[in-house]
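The values are calculated or read from the model by the stated rules, or taken from the named source; none is laboratory data. Everything numeric here is computed off the predicted structure, so don't read it as measured data. Positions of Cβ are backbone-derived with ideal geometry, glycine not excepted, and every protein chain shown enters the neighbour counts.
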Amino acid sequence: MIKGRQSVKRSVPEPSQILNKIIDQSRSTGRINLSNQNLTEIPLKLFTFEVTSDHSFDNKSQTWWEIVDLTRLVAADNSIREINEKIGEFGGLAVLDLHNNCITSLPLSMANLGNLSILNLKANEISNFPDELCNLPLYELNLGSNCLTELPQKFNNLDKLQTLDLSGNQIEGSITLTNSALQHLDLSDNQISEISGLNEMRMLTNLNLSKNKLQDLCSISSQKLTILDLKNNEFKSWKTVLECPALKDLCLSFNSISAFKENTIKNCSSLEIFDIRDNNIGSIPEDILFLKNLKRLDITNNSVSLLPPKLAFLKHLSVIHYSGNPLRGLPTSGGTTKLLEYLAKKIPKEEDHELSRTSSPEAIEKAYTGDGKNIDWARTGLAVLDFSTFVSNSISPSTIDCSNNQISAIPDTLNAISCQLTTLILSKNKIKEFPALECPKLKHLDLSNNAISAFEVDVLRFPSLDELNLNNNRISTLPELELPELSVLLLSDNSLSEINVPVLKKLPKLKTLDLSNNSIPMVPPELGLLKLSSLQLMGNTFRVPRA
């Protein structure tokens, strides 16, 4: 009789055993990931700190001296319906990720999470965000795809927020947001008909308001906004003035826009993508001819019957989508290149010099200054500035952009035309000294990426200055600034060796301070007395306090 080989049964850990092991490991790491565990609640064991009494060498459990604060809790992709009130006991928690669950409400005990910086509650069933949680030190909050119908009254108290996602909710009517540190804001796919406070969010770079019920928008003045998405709204005409020199992507597709008011987008000098497809536009907005950095233009499915020949002078324009319009006689092959060549031939000879592709200041002055309110000489290869033409014609511009050039000095003639100046951009040049200018209305001054080693201005010369950008220079000492309106001071990538708090106290409205990537060896405790909403100190030499 042949005996068969006996099968060996290997024990498979029960689900509860796996959870216990994960929880036990978190006692020493301070981090736990319970995603995709078919949980209906956060395990109670996580809230208990039972310590084994067996201290033999074979025992693998943690002892009391090995237990650390829980700093990161991830329990995404489960079926959790309720958060235990004991969550408030995790005082060291910095990251809480419970996205894609079935949570309907938030416990008020979460207000005790004094170190919480990231809260992800996307794809749940939350209908109310309690006022009590609006004092949390959150940098990132994701409440997308929930059931919110309105924002709590104290929502703007979250003054450290840099990223906010409220997309895919049911927020309706008029809302006000003034969170001054916000950089990324997503309000898409709601029922919002009006929004205010956008101009108070000085740090905003990305704004998504698509799929709402907006019919109008207040004028937007922002030095940092780079992406603005307004597709799928209810705009019938475009009247919003955009003073956004950094804007690169503007999407207004799938609205009902029939016309653009003049001078609404001409000051978006960095715009590269302009999408106005699926509207009721009958003619190309004249402001497009001022968008000298435009790369992509989409006018698909409109009522445009004529393309302006001067589009050919936009030297960076490489893609034009124009199908679905009543256009006749255009080249049927060759793409955008052939189209622009065709349009160039339609320009009368006497106008050919007006918008040439050269980078001479004379050509650019004619093409882009218009009524003299805005001087745009960015990326023109300039080494010397000459404002004599504007002085002789008594022109006082409101915006001057001379960035990305080879300029080493600022002429005194600028003083003669600076009485109405609100924005001066001289970034990415070779400037070593800043002259004694007097600009009573100047609000935004950008001197980043130069060779400046010392900088001093006072209230008499710049009484209205709101934002000063000195990033990427050679400054070794915090500038003596007496500016009552300054709210944003950027000094990253310099050679600072200390933080002079008495100097900063002379800036009563300072909210945003960037001192990252310097040589600062210590952070003075007095810095905590300043009423800042955004402080950047990364990339310095100090070790205490930790990041």
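If you scan region 295-320, which residues turn out to be within 14 Å of Leu252 (Cβ to Cβ) and either free of Cβ contacts under 8 Å to residues at least 24 places away in the same chain or of a type outside the set (Ser, Thr, Tyr) (or both)? Of everything in region 295-320, those that are within 14 Å of Leu252 (Cβ to Cβ) and either free of Cβ contacts under 8 Å to residues at least 24 places away in the same chain or of a type outside the set (Ser, Thr, Tyr) (or both) turn out to be Arg296, Leu297, Asp298, Ile299, Asn301, Asn302. Among the candidates Asn500, Asn494, Asn472, the residue that is within 16 Å of Ile425 (Cα to Cα) and among the polar types (S, T, N, Q) is uniquely Asn472. Tell me, please, whether a residue that is polar (S, T, N, Q), in a strand (DSSP E or B) and modelled with pLDDT of 95 or more can be found in region 243-264. Checking region 243-264: not a single residue is polar (S, T, N, Q), in a strand (DSSP E or B) and modelled with pLDDT of 95 or more. Please indicate, with yes or no, whether at least one residue in region 78-101 is touching a strand residue (DSSP E or B) at 6+ places or on another chain (Cβ under 7 Å), touching a residue at least 24 places away in the same chain (Cβ under 8 Å), within 20 Å of Ser188 (Cβ to Cβ) and part of a loop (DSSP other than H, G, I, E, B). Yes, that holds for at least one residue.
Restricted to region 499-512, and to residues there that are of a type outside the set (A, V, I, L, M, F, W, C) and in contact (Cβ under 8 Å) with a residue 24 or more places away in the chain, the residue that is nearest to Phe455 (Cα to Cα) is Lys506.
One residue stands out among those in region 510-520 that are at negative phi and out of contact with any Lys or Arg (no Cβ under 9 Å at 6 or more places or on another chain): the one that is surrounded by the fewest Cβ atoms within 10 Å (Cβ to Cβ), which is Ser519. When each of Ser318, Ser269 is tested for being buried (at least 21 other Cβ atoms within 10 Å of the Cβ) and either closer than 29 Å to Ala378 by Cα or among the basic types (Lys, Arg) (or both), the lone residue that passes is Ser269.
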